[in-house]
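Heads up: the structure comes next, in structure tokens.
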Amino acid sequence: MKEKNDELFWANDLTKKDNKLMNKKDLVNHPPHYNKGIETTQYIKSWEMDWNQANVIKYISRYNLKNTDPSLQLQDLQKAQWYLNDLVKDVEAKINES
């Protein structure tokens, strides 16, 4: 058994902790449900989308990747629908202003 003052013991311990932190960081910064070829954020930025457009894309692109539970998938689709409806209202308001 390794002693706690053994350098190898500490190096292995730090490596395990670092790996856990790296995995958590990747889930925060680059979660797999937003990264299929191109990250959703990169796509949204490249098209210079507004808030509503971005959220429609976000929820549509991840609904079946983030969750396998159909009720949670439905929630994401309903969120996308809410943002799309809000976007439609914004465009209708612009039309009515002219």
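The values are calculated or read from the model by the stated rules, or taken from the named source; none is laboratory data. What you see is a predicted model; the values in this text were computed from it and never measured. Virtual Cβ from ideal backbone geometry, glycine too; neighbours counted across all protein chains shown.
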Query raised in the report: Taking only pairs six or more apart or across chains, which ones have beta-carbon atoms under 6 Å, a first residue in the stretch 86-97 that is within 9 Å of N52 (Cβ to Cβ), and a second residue that is among the polar types (S, T, N, Q) and surrounded by 10 or more Cβ atoms within 10 Å (Cβ to Cβ)?
Result: D86/N52; L87/N52
Query raised in the report: Among A93, A80, which is in contact with a helix residue (DSSP H, G or I) (Cβ under 6 Å, 6 or more places away or on another chain), among the small types (G, A, S), assigned to a helix (DSSP H, G or I) and modelled with pLDDT of 95 or more?
Result: A80
Query raised in the report: Does the stretch 37-59 include one or more residues that are of a type in the set (V, I, T), without any contact (Cβ under 8 Å) to a residue 40 or more places away in the chain and in contact with a His (Cβ under 9 Å, 6 or more places away or on another chain)?
Result: yes
